[in-house]
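The block underneath contains the structure these notes are about, expressed in structure tokens.
All of the numbers you see were taken from the coordinates with simple rules; none came from a lab. Being a predicted model, the structure only gives us computed values, none of them experimental. Every residue, glycine among them, receives a Cβ derived from its backbone with ideal geometry; neighbour counts consider all protein chains shown.
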Amino acid sequence: MSIELAPSDLARIARCSVATSIDDRCSAFVAALWPTLSGAGASWAGFYLDRPDAPDAERMVLGAREPKPACSPIGVHGACGRCLLSRSILVVRDVASLGVGYVACDPRDRSELVLPCLRADGTAWGVFDLDSFDVGCFTEADGRVLWSALVAAGLTAAGHIRTEVV
């Protein structure tokens, strides 16, 4: 399946940008999109926030998410850490390809899509992560759709973004 945003999704996303704190915007974003994302095959969606002063193994902490909690803190060695450090959209067709560095919060997960959340200066403050129980659930096009949604919600800086597919 592919992720397509309806006009009602776009209206909910636009309302996310009026929240004052990052935490409130993240919560509103996940709540606004979860029905669409779960319908497109996502089993989980959420934010991991970067704590650059923490040890690498504990650097990313769980933020807003649906429908359940996940691992926290996590290090910068998994898909989320790779996305954070590269500041590129990461499409993982099969999480088995990531080897021992993969952080499996749910052993049923088979694919992943991770997008960096960037400040205006290009530094990353976190990532938006999607998981699916299906291999190959997410595409580069899905990454572009969600990138635009993050920009519209004020959760990442606008501009060109690279995509890495593994």
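Evaluated with a Cβ-only charge set (Lys, Arg +1; Asp, Glu -1), the range 7-165 carries a dipole of roughly 240 debye about its Cα centre, given to the nearest 20.
Which FRET efficiency value, to the nearest 0.05, is calculated for Leu85 and Ala141 with the Förster distance at 22 angstrom and r the Cβ-Cβ distance?
So, using R0 = 22 Å, E works out to roughly 0.40.
Toward the positive end of the charge dipole of the range 7-165, with +1 on the Cβ of Lys and Arg and -1 on the Cβ of Asp and Glu, the farthest Cα among Cys16, Leu115, Cys105 is that of Cys16. Remark: the Cα gyration tensor places the range 53-94 in the oblate category, a/c being 1.5 or greater and a/b not exceeding b/c. When each full DSSP H helix of the chain is screened for a Cα extent of at least 24 Å along its own axis and an average Kyte-Doolittle hydropathy of at least -0.5, the helices passing are 22-39. Its DSSP H runs of at least 4 residues, each contributing -39,500 (n - 2.57), put the calculated 222 nm mean residue ellipticity of the chain at -9000 deg cm²/dmol, to the nearest 500. Taking trypsin sites (Lys or Arg not before Pro) as exposed when DSSP calls them loop and at most 13 other C-beta atoms lie within 10 angstrom, the chain has its longest site-free stretch at 1-107.
Neighbours of Val91 by Cβ distance under 10 Å: Lys/Arg scored +1, Asp/Glu scored -1, total -3. Positive contributions from Lys and Arg (+1) and negative ones from Asp and Glu (-1), summed over other residues with Cβ under 15 Å from the Cβ of Val61, come out at -3. Counting only Cα atoms, the chain measures 40, 37, 30 Å along its principal axes, largest extent leading.
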